[in-house]
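Every number in this text was worked out from the coordinates using simple rules, so none of it is lab data. Just so you know, these numbers come straight off a predicted model, no measurement behind them. So basically every Cβ, Gly included, is an ideal-geometry build from the backbone, and we count neighbours across all protein chains shown.
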Amino acid sequence: MSEHALDDGAVAESDLVVRRGTFRCVAFRDPVDGREHLALVLGEIGDGERVLVRVHSECVTGDVFGALRCECGDQLEAALDVILAEGRGVLVYLRGHEGRGIGLVDKVRTQTLQDERGLDTVDSAKALGLPVDVRDYGPAARVLRYRGVRSVRLLSNNPEKTRALEEYGLKVTERVPLLVAAHVDNIRYLTAKRDRLGHDLPHLDGGPGGRG
């Protein structure tokens with residue numbers, strides 16, 4: 001478990017009005033990785049138990065430009081919708097997680113190999129001598145504790161993310177699926193996440209479009 005805590009001097013807060021509603025925006029500089037991350041908080045945390053949480057890894061191509069190769073942008077929007085419907089929750093946006101932590105330039109290089117050689121998202125990283133996943137979820141655990149969150153219902157299809165957060169002392173009481181429709185442009189990527197990385201994606205059984 002990490003003993004690091006956020007320093008109030010490294011945190012700034014304000015209201016953030018987005019198209020979907022108004023969140024409390026918490027910008028923070030993590031004491032371990034030195035990066036600036038963001039948390040969007042909705043409603044009162046209260047006792048901090050069983051708070052609906054999405055820990056979202058930065059994906060410039062998907063989140064900003066709506067790239068169809070991945071489902072990142074769709075998941076980001078879906079997570080905000082679910083939190084708003086709940087009326088209480090937190091979305092933590094972790095920067096430096098591009099390409100599961102390899103960075104934007106190397107992510108694009110892996111995509112070139114996927115296009116030219118037919119490699120999947122795992123083998124294309126390995127072909128370049130890169131790690132498959134080096135993301136650190138410590139900043140998410142630290143900002144959630146800072147905001148008084150004690151246990152979470154985690155919006156994720158990745159069982160490994162549950163284990164990673166619990167290693168930092170954050171209790172995950174439930175993993176809530178965050179499934180978005182598959183389509184012809186991302187089906188290979190999603191299938192690799194299911195078959196090679198252990199993501200729980202039951203809706204892929206029906207092929208592009210899925211069953212849910």
Local net charge near Ala27, Cβ-Cβ under 10 Å (Lys/Arg +1, Asp/Glu -1):
-1
Exposed-loop-free span, longest in the chain, where GluC sites (Glu not before Pro) count as exposed if DSSP calls them loop and at most 12 other C-beta atoms lie within 10 Å
45-212
Sum -39500 (n - 2.57) across every DSSP H segment of at least 4 residues in the chain, then divide by the residue count to get the 222 nm mean residue ellipticity, nearest 500.
-9500 deg cm²/dmol
Enumerate lysine pairs in the chain that are 8 or more residues apart or on different chains, then count those whose Cα atoms are under 20 Å apart.
5
Report the full-extension gain for the segment Cys25 to Arg95: residue separation times 0.36 nm, less the Cα-Cα distance, to one decimal in nm.
23.7 nm
Measure nothing fancy, just the Cα-based angle from helix 104-117's long axis to the longest principal axis of the chain, in degrees from 0 to 90, nearest 10.
20
Run through the DSSP bridge list for the chain and note the antiparallel percent, rounded to the nearest 5.
60
In whole percent, what relative contact order does the chain give with Cα contacts below 8 Å and a gap of six or more residues?
21
Rg and Dmax of segment 52-155, using alpha carbons, in Å: what are they?
15.4, 48
